[in-house]
1. Across peptide C:57-69, what mean number of C-beta atoms from other chains lies inside 10 Å of a residue's C-beta?
2. Return the long-range amide H neighbours of residue C:98 (sequence gap of 5 or more, or a different chain), with a cut-off of under 5 Å between placed amide H atoms.
3. Where the accessible area of chain C is counted over protein heavy atoms with a 1.4 Å probe, how much of it, in %, is carbon and sulfur?
4. Taking residue C:81 in one copy and the same position in all the others, each labelled 7 Å out along Cα→Cβ, what are the pairwise distances from the first, in nm, shortest first?
5. What is the set of long-range amide H partners of residue C:126 at a cut-off below 5 Å, with H atoms built 1.01 Å from backbone N?
6. Can you pull the mean other chain C-beta count within 10 Å for peptide C:9-21?
7. Using a cut-off of 14 Å between beta-carbons, work out the net charge of the residues near residue B:36 (Lys and Arg +1, Asp and Glu -1, residue B:36 not included).
8. Taking each pair of distinct Cα atoms in the stretch D:90-137 once, what is the resulting Kirkwood hydrodynamic radius in Å?
There are 4 protein chains.
Amino acid sequence: VSETIEKMLTDMLGGGGFHETLGMVLEGYDLEAGTVTVRLPWQIGFERLPGTKQWHGGPIASFIDLVGDAALMLKKGAAIPTIDLRIDYLRPAIATDLIATGRIVRAGRTVGLADVEVKDTEGRLIAVGRGTYAMGG
Amino acid sequence: VSETIEKMLTDMLGGGGFHETLGMVLEGYDLEAGTVTVRLPWQIGFERLPGTKQWHGGPIASFIDLVGDAALMLKKGAAIPTIDLRIDYLRPAIATDLIATGRIVRAGRTVGLADVEVKDTEGRLIAVGRGTYAMGG
Amino acid sequence: VSETIEKMLTDMLGGGGFHETLGMVLEGYDLEAGTVTVRLPWQIGFERLPGTKQWHGGPIASFIDLVGDAALMLKKGAAIPTIDLRIDYLRPAIATDLIATGRIVRAGRTVGLADVEVKDTEGRLIAVGRGTYAMGG
Amino acid sequence: VSETIEKMLTDMLGGGGFHETLGMVLEGYDLEAGTVTVRLPWQIGFERLPGTKQWHGGPIASFIDLVGDAALMLKKGAAIPTIDLRIDYLRPAIATDLIATGRIVRAGRTVGLADVEVKDTEGRLIAVGRGTYAMGG
């Protein structure tokens, strides 16, 4: 079973034009806890203002969307359209990989809710996100 | 004055690693109304699932963030850090440029609020967004 | 038809323990535009800090939730459970009735989205809200 | 010190017209963890549809707003205006007291972020909320 889940998550995270642009790497998952952890390596193409090496909020939002989706895939077994997404930016991240953990809050029949925390490699909280997803979609 | 504003917006939309990746184009602005309109041309690198030519939600979220920021720049005169961002995805967009209009809802001393509507080239509403920005940041 | 719609809205706004506590009054609706306008009269029991006569955010949030719901009832014909709700508070409101207009942004088969603007009696924007509702619920 | 904090929280939760209407009771707080736990006793005046004894979403939203505020008061030492508030409703709550725990996510100089979880007396998650607050306000 776990091989199938790992393959499903790896295929989703690596598949599609924009996913490849992001370059996400699956770090792990916990079926019992309903969590998935993913790494987003730093790229200069994700810079906010030229020369700052600060992460732009856009790739962070995209990353949060996908890691919340990945968590709910543990229940649904397939990629799930996002209904709405909310991001809170807490702290600038400079020239660091980002590590996000997505967690299922609720996996209903039609609507799922996931929470995501994004940290830098030193464990500082960079952003939090929460999204609703169309489980029947 | 308008030349300065146009330059400020063009510089922001075109500057920085991730902004260049997006490739946004300023379509216009209205200082009185507090609105800015921007085009995001379709790129295969923004595709959601391989072969669908459907826009991924990530670039749409990034686009909304930046167009809301651009609207508030009409008041602030400089790029503004995002505090939080909320996106509602309404309809898939397939192989089309996206046109977003950002509108100032409130430009306070410390917090600004902007609304953004994203449409396809046929005028269908694809997504709406709302963000708070740190005006003093 | 319009008599039925007015009765449906009046019944919803006036029915239920908490609705009666709020004391909302239907001001009008526009079936074509997908909008509903409702008045919430000032009550000292909605005060924030003692002696300020400032509206507490709680009744404003409740009001926004219900006016968004009322707008989507134009399509659905019945009260609709809220999935999620987002409120932005813009300006204190002091000892004034509140007037809210709810507008359908999207009425999907499973999920609906409504926008709500709350103004005081002088037309100043007090708060804006956006909610998703379970149309099949 | 703890007596002062308890008094501050009790005064806030019990003070003001709408706070008295709600009837909240402080259950506890943890200064280290940045959390505050509050009980909201069931009242028939908070009913959604007549005869259902189901909690209306409005009092739940108000409760979340105030418990998030209470958590940030641990840092700020005074009540804090809400900038924006987001609620996700997960499950109906029927004729039960509600217990909410608010937690500081970030207490910045100008903006604070708090998370709130609302459970029924059997520990089932009823709703989650997240709010930004004007720490300098």
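The values are calculated or read from the model by the stated rules, or taken from the named source; none is laboratory data. Everything numeric here is computed off the predicted structure, so don't read it as measured data. Note that each Cβ is placed from the backbone with ideal geometry, even for glycine, and that neighbours are counted across all protein chains shown. Just the protein is used for accessible areas: all its heavy atoms, side chains included, with ligands, DNA and RNA removed. Shrake-Rupley method; radii C 1.70, N 1.55, O 1.52, S 1.80 Å.
1. 5
2. Amide H to amide H, under 5 Å and 5 or more residues apart or across chains, residue C:98 pairs with C:40, C:42.
3. Working: 2620 of 5300 Å².
Carbon and sulfur atoms account for 49 percent of the accessible area of chain C.
4. 2.1, 3.6, 3.9
5. C:118, C:119, C:120
6. Numbers: counts 0, 0, 0, 1, 0, 0, 4, 10, 13, 12, 6, 3, 8.
Mean partner shielding for this stretch: 4.
7. Values: positive: B:7, B:39, B:75, B:76, B:103; negative: B:6, B:11, B:27, B:30, B:32, B:65, B:69, B:115, B:117.
Local charge sum for residue B:36: -4.
8. It works out to 11.8 Å.
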